[in-house]
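Undergrad: Here's a structure for you.
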Amino acid sequence: MAVRGLFVAALTCLVAGCGVTGNFRHDPGYASFGSLHRLESNEQLSLSLGPLPLRLARWVLDEEDEPELEPLLAELKAVRVYTLEGVRRPAAVADEIERVKRELLADGWIGVITVREDDEITSVLLRPGERGRNRGLTLISQEPDEIVLVNLIGNVRLDVFGDYMAELEVEVPAVEIDPVTLQARVAID
């Protein structure tokens with residue numbers, strides 16, 4: 001078992017390092033971030049995981065230790081995460097974010113929720129599919145000097161939305177999404 005784990009870890013690093021995501025630009029769940037992920041910033045993180053790395057993750061998944069991960073990964077085709085810190089020209093960035101959101105809405109995405117907390121604005125958009133399924137979810141989080149862009153491609157389980165964000169280490173307010181109406185609300189403890 002240790003050899004298998006070591007082999008899979010090495011293979012995953014190799015595959016993830018190559019950015020193997022496949023070409024999902026034509027998938028309905030792909031969210032075009034325009035030039036947002038290419039903004040000038042001090043630090044950047046770009047992570048793209050496609051079917052192969054996600055399958056490897058499911059293969060090595062220990063369902064006893066982390067049972068919540070299986071429903072997270074089950075129907076995802078790809079995951080894209082961009083984090084930009086030390087963003088310059090925040091006013092221009094805010095305008096670009098609004099333009100990207102307008103384009104996504106015009107392309108069939110629906111705004112699920114936008115939360116404003118102090119200087120942070122977090123928006124969640126969903127690309128609905130057929131028969132209660134959806135094709136993708138996008139999160140755009142903006143602080144004065146940091147932007148986080150997340151695009152989950154595939155049928156995103158709305159009942160475990162918070163778990164997706166926690167696994168990606170993206171801090172967002174606790175949100176509950178009604179899978180029937182696609183309406184969201186901030187969960188108050």
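Undergrad: For residues in region 47-62 being among the aliphatic types (A, V, I, L, M) and buried (at least 18 other Cβ atoms within 10 Å of the Cβ), which is nearest to Tyr30 (Cα to Cα)?
TA: Leu49
Undergrad: Based on this model, can you work out whether Ala92 counts as farther than 27 Å from Val180 by Cβ and surrounded by fewer than 17 Cβ atoms within 10 Å (Cβ to Cβ)?
TA: Yes, satisfied.
Undergrad: Quickly run through region 27-44 and pick out the residues that are modelled with pLDDT under 80 and among the aliphatic types (A, V, I, L, M).
TA: Leu36, Leu39 - these are the residues of region 27-44 that are modelled with pLDDT under 80 and among the aliphatic types (A, V, I, L, M).
Undergrad: So for region 95-109 (the condition being small (Gly, Ala, Ser), within 17 Å of the chain's Cα centre (by Cα) and at pLDDT 80 or above), does at least one residue qualify?
TA: The answer is no, given that none of the residues of region 95-109 is small (Gly, Ala, Ser), within 17 Å of the chain's Cα centre (by Cα) and at pLDDT 80 or above.
Undergrad: Are any residues in region 96-127 more than 21 Å from Gly154 (Cβ to Cβ) and of a type outside the set (D, E, K, R), and if so, which ones?
TA: Those that are more than 21 Å from Gly154 (Cβ to Cβ) and of a type outside the set (D, E, K, R): Ile97, Ala106, Thr114, Val115, Ile121, Thr122.
Undergrad: Now for a different question. Can you find a residue that is within 16 Å of Phe24 (Cα to Cα), of a type in the set (Lys, Arg) and at pLDDT 90 or above anywhere in region 130-137?
TA: Scanning region 130-137, I find at least one residue that is within 16 Å of Phe24 (Cα to Cα), of a type in the set (Lys, Arg) and at pLDDT 90 or above, so the answer is yes.
The values are calculated or read from the model by the stated rules, or taken from the named source; none is laboratory data. Just so it is clear, the model here is predicted, and its values are computed rather than measured. All Cβ positions, even for glycine, are placed from backbone atoms using ideal geometry, and neighbour counts span all protein chains on display.
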